[in-house]
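For reference, the structure discussed in these notes is given below.
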Amino acid sequence: MTVDLDVTEPDKPNGISLGWRLRETAEVFTNKVLKARVDEIDVRGKPTQYAYIERAQAVVIVPVTRDGQIATVEQYRYPIDEWCIEIPAGGTHDTGDESLREVVRKELREEIGATSSVLTYVNFFYSGPSLSDEICHVFLAENVEVTEEPSTEATEEIRVKMMDAEDVLKLARSGKMKNGPCTLALLLCEPLLRERGYL
């Protein structure tokens, strides 16, 4: 599907300042999670294509219990056919007008069956800016209590494991945690984890 462009509201203002001109854009695939987009652009007068994925914003959560345990998840990831050590995370594509904090609470319930009485917004990052426009928001969830069975989605195969915060940080630093967004979220939360006595 080709989309008409409104030149009064440029799609990529920083690109325009560099001499990149968007001529046409097409959505080549769309589902409830993402849109694959192909842009026809001129880069300083030379025509080329740029393909990338548009995704809704996401949350990545570092969930800590009162005694300093972090709830990790071992999750099967179909594209790579591997089990990955991660922390809870999820997109906002199916959450309507819910705030990011409400999305965090939803993901904690669904992935690990837990609640949290203290949520702290830490920072955000781009998960893969050469391939996607996805923004990941990092939250530290404290006083986490597992109160029910997880309620996972059909494609979520998850095993929950409580670990000492120091051991989880070691996984992130050593490269044993292969999920980049989860690793970065943990490292961004490390100063707060130290300040609050979990490390």
- Item | Alpha carbon Rg of the range 97-199, scaled by the compact-globule rule 2.2 N^0.38 Å | 1.11
- Between K35 and C84, what FRET efficiency follows from the Cβ-Cβ distance if R0 is 30 Å, with the result rounded to 0.05? 0.75
- Item | Share of carbon and sulfur in the accessible heavy-atom surface of the chain [1.4 Å probe, %] | 51
- Message: Taking the square root of 5 times each eigenvalue of the Cα gyration tensor, what semi-axes in Å does the equivalent ellipsoid of the range 78-144 have, largest first?
- Response: 21, 16, 13
- Determine the dipole magnitude for the chain: charges of +1 sit on the beta-carbon of Lys and Arg, -1 on that of Asp and Glu, nothing else is charged, the reference point is the Cα centre, and the result goes in debye to the nearest 20. 700
- Note on the structure: For the chain, the per residue accessible area (1.4 Å probe, Å²) is 58
- Once phi is turned into θ = phi - 60°, what whole-Hz ³J(HN,Hα) does the Karplus curve with 6.51, -1.76 and 1.60 give for every residue of the range 174-181, x standing for Gly and Pro? 7, x, 6, 8, 8, 7, x, x
- Averaging sequence separations of C-alpha pairs under 8 Å and six or more residues apart, then dividing by the length of the chain, give the relative contact order as a whole percent. 20
- Task: Quick one, can you get me the convex hull of the C-alpha atoms of the chain expressed as volume per residue in Å³?
- Result: 150
- Pairs of Cα atoms farther than 23 Å apart, the range 9-92, %: 49
- Quick one: Karplus J couplings for the range 149-156, per residue in order, coefficients 6.51, -1.76, 1.60, θ = phi - 60°, nearest Hz, x for Gly and Pro? 6, x, 10, 7, 7, 4, 9, 9
- The ³J(HN,Hα) series, computed from each phi in the range 139-148 with the Karplus coefficients 6.51, -1.76 and 1.60 at θ = phi - 60°, rounded to the nearest Hz and given as x for glycine or proline, is 10, 9, 9, 10, 6, 6, 10, 7, 10, 7
- Would you mind classifying the range 141-199 by shape? Square roots of the alpha carbon gyration tensor eigenvalues, ordered a ≥ b ≥ c; an a/c under 1.5 is rounded, otherwise it is prolate if a/b is larger than b/c and oblate if not. oblate
- Message: Quick check for me: using +1 on Lys/Arg Cβ and -1 on Asp/Glu Cβ, what's the dipole size of the range 14-95 about its Cα centre, in debye to the nearest 20?
- Response: 380
- Note on the structure: With R₀ set to 45 angstrom, the calculated FRET efficiency between the beta-carbons of D164 and A51, to the nearest 0.05, is 0.60
- For S132, which sequence-distant residues (separation of 5 or more, or a different chain) have an amide H within less than 5 Å of its own amide H, given hydrogens modelled in the peptide plane? I53
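The values are calculated or read from the model by the stated rules, or taken from the named source; none is laboratory data. Keep in mind it's a predicted model, so treat the numbers as computed, not measured. Neighbour counts run over all protein chains shown; Cβ positions are idealised from the backbone, glycine included. Side chains included, ligands, DNA and RNA excluded: accessible areas come from the protein's heavy atoms. Shrake-Rupley method; radii C 1.70, N 1.55, O 1.52, S 1.80 Å.
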